[in-house]
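*Asks:* My questions will all concern the structure given below.
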Amino acid sequence: MPSYRPPKIASSEITPRQLYLRRREFLGAAALGAMALYGAGKASAAALSAVGSKYKVDEKPTPLKDVTTYNNFYEFGLDKADPAANSGDFKPLPWTVKVDGMVNKPGTFDLEALMKEFPIEERTYRMRCVEAWSMVIPWDGFPLASLLDKVEPLGSAKYVAFETVVRPDEMPGQKGFFQSLDWPYVEGLRLDEARHPLTLLAVGLYGETLPNQNGAPIRLVVPWKYGFKGIKSIVRMTLTDQQPKNTWQVTNPQEYGFYANVNPAVDHPRWSQASERRIGESGFFGASRHPTLPFNGYADEVAGLYAGMDLKANF
Ligand code: MTE
């Protein structure tokens, strides 16, 4: 495990103070926002608490130090400690996200404006990396569905393709002799997966602005899928009727597929997926192990999306 190295600039300094404070207000108002939303709709108080429970897990959150120093973000290097060490020059604001393709209302949206428009919710999710380690992370963000509703996808749109920013001058892993991946890093979801209420666009964690190494200023969080689906520093989303490729599938199609649903019954070709090492927790013989759950414990919510599909073939 790498030793803790704080980011070169605290996230509270990267973000203009105004936005930082306003975001704190948002985070505080999140619960009220959710109440108002449900109050206006048909859902009863019982339904609200049922929804709320999906967004919390009854497990201890992974210490902030581990969440921010044990990362995968190849734009900043290959080692788990590299993103924290090498992302200090990355400038996450101002930021825009372009949403285009098969939609009625394409647009380029300013992130700060989106954060005023959509209430920021806190959601603690179990996260499972394809490398058989896991964390529990309190994210702050808004549902991807909110942004998709705004652009009005056409009835013929079936998928969302995502793209990470390309800035070799700020992302040392994107330049130089050794190119680990093809840039930009890309990802994709089926539209029903993208619209699922669990699917979040995160702008913070632990009540603070998202650190650069975790995908500032906006990244995807899909808790029932392997972590690589959680594309970071998103600048573009394109609605399409063609299944998008993702970076790991392009890099190694034998080992990584489109779906990447967490599945303890389907091993990675080079290792078992039946259990996972929980980062930041120590057991008797090193890091404690947890059994891996189908759909990472979110089967009740999402298994229906894949009814009738062969989950071994669609890995
Ligand atoms: N997004 C980009 N742009 N580049 C990356 O290298 N790595 C992915 C995913 N998103 C990656 C990315 C992988 S493999 C994982 S496990 C998660 O980010 C890690 O997120 P975390 O560092 O916040 O835990």
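Every number here is computed from the coordinates shown, using simple stated rules; none is lab data. All of these numbers come straight from a predicted model, not from anything done at the bench. Glycine also receives a Cβ, built like all others from the backbone with ideal geometry; neighbour counts cover every protein chain displayed.
*Asks:* Considering the range 132-184, what Rg and Dmax in Å follow from its alpha-carbon atoms?
*Replies:* So, for the range 132-184, Rg and Dmax equal 16.8, 44 Å respectively.
*Asks:* Also, quick follow-up: Please give every one of the lysines within straight-line cross-link reach of Lys65, meaning a C-alpha to C-alpha distance under 24 Å, and leave out same-chain neighbours fewer than 8 residues apart.
*Replies:* Within reach: Lys8, Lys56, Lys80, Lys91, Lys225, Lys229, Lys232.
*Asks:* OK, next. To the nearest 20 debye, what charge dipole does the range 240-315 have about its Cα centre, counting +1 at the Cβ of each Lys and Arg and -1 at the Cβ of each Asp and Glu? Before the final figure, lay out each step's value.
*Replies:* Values: 6 positive and 8 negative charges, 59 e Å.
Around 280 debye, computed over the range 240-315.
*Asks:* Give the Kirkwood hydrodynamic radius (Å, one decimal) of the range 48-306, defined as one over the mean of 1/r across all pairs of different Cα atoms. Can you show the working numbers first?
*Replies:* Details: mean 1/r = 0.0536 Å⁻¹.
About 18.7 Å for the range 48-306.
*Asks:* Something else about it: Which listed residue (Thr199, Pro294, Ser233) has the Cα farthest towards the positive end of the charge dipole for the range 199-315, taking +1 on Lys and Arg C-beta and -1 on Asp and Glu C-beta about the Cα centre?
*Replies:* Ser233
*Asks:* Filter the chymotrypsin sites (Phe, Trp or Tyr not before Pro) in the range 156-200 to those in DSSP coil with at most 11 other Cβ atoms within 10 Å of their Cβ, and list the result. Please report the intermediate quantities before stating the final value.
*Replies:* Numbers: sites: Tyr159, Phe162, Phe177, Phe178, Tyr185; in loops: Phe177, Phe178, Tyr185.
Filter output for the range 156-200: Phe177, Phe178.
*Asks:* List the GluC sites (Glu not before Pro) in the range 208-287 that DSSP assigns to loop (not H, G, I, E or B) and whose Cβ has at most 14 other Cβ atoms within 10 Å. Which are they? Could the numbers behind the result be given before it?
*Replies:* Values: sites: Glu208, Glu255, Glu276, Glu281; in loops: Glu255.
When the GluC sites (Glu not before Pro) of the range 208-287 are filtered for loop state and at most 14 Cβ neighbours within 10 Å, Glu255 remain.
*Asks:* Then there is this: Mind checking which aspartates and glutamates have their C-alpha under 12 Å from Lys116, skipping anything on the same chain fewer than 8 residues away?
*Replies:* Candidates past the 8-residue exclusion: Glu25.
*Asks:* Related question: With +1 on each Lys and Arg Cβ and -1 on each Asp and Glu Cβ, and nothing else charged, work out how big the dipole of the range 48-306 is about its Cα centre, in Debye to the nearest 20. Spell out each step's value before the answer.
*Replies:* Working: 28 positive and 32 negative charges, 51 e Å.
The dipole of the range 48-306 has a size of about 240 debye.
*Asks:* Mind checking which lysines have their C-alpha under 16 Å from Lys105, skipping anything on the same chain fewer than 8 residues away?
*Replies:* Counting by Cα, and skipping residues close in sequence, Lys105 has these lysines nearby: Lys150.
*Asks:* For Lys225, which sequence-distant residues (separation of 5 or more, or a different chain) have an amide H within less than 5 Å of its own amide H, given hydrogens modelled in the peptide plane?
*Replies:* Long-range HN contacts for Lys225: Val262.
*Asks:* Considering the convex hull of the alpha carbon atoms of the range 131-219, report its projected area averaged over all viewing directions, in nm², one decimal.
*Replies:* Details: hull surface 30.7 nm².
Computed as one quarter of the Cα hull surface, the answer is 7.7 nm².
*Asks:* Further question on the same structure: Could you tell me the relative contact order of the range 198-280? Use alpha-carbon pairs under 8 Å, at least six residues apart, and round to a whole percent. Each step should come with its number before you reach the end.
*Replies:* Details: 90 pairs, mean separation 15.4, N = 83.
RCO, the range 198-280: 19 percent.
*Asks:* Turning to a different aspect of this structure: Nearest 5 is fine: what % of DSSP beta bridges in the range 48-306 come out antiparallel, could you say? Provide the component values of the computation, followed by the final result.
*Replies:* Details: 41 of 48 bridges.
Here the share of antiparallel DSSP bridges comes out near 85 percent.
*Asks:* Charges only on Cβ, +1 for Lys and Arg, -1 for Asp and Glu: so what's the dipole of the range 192-251 about the Cα centre, in debye to the nearest 20? All intermediate terms of the calculation are to be shown ahead of the outcome.
*Replies:* Details: 7 positive and 4 negative charges, 29 e Å.
Value, rounded to 20: 140 debye.
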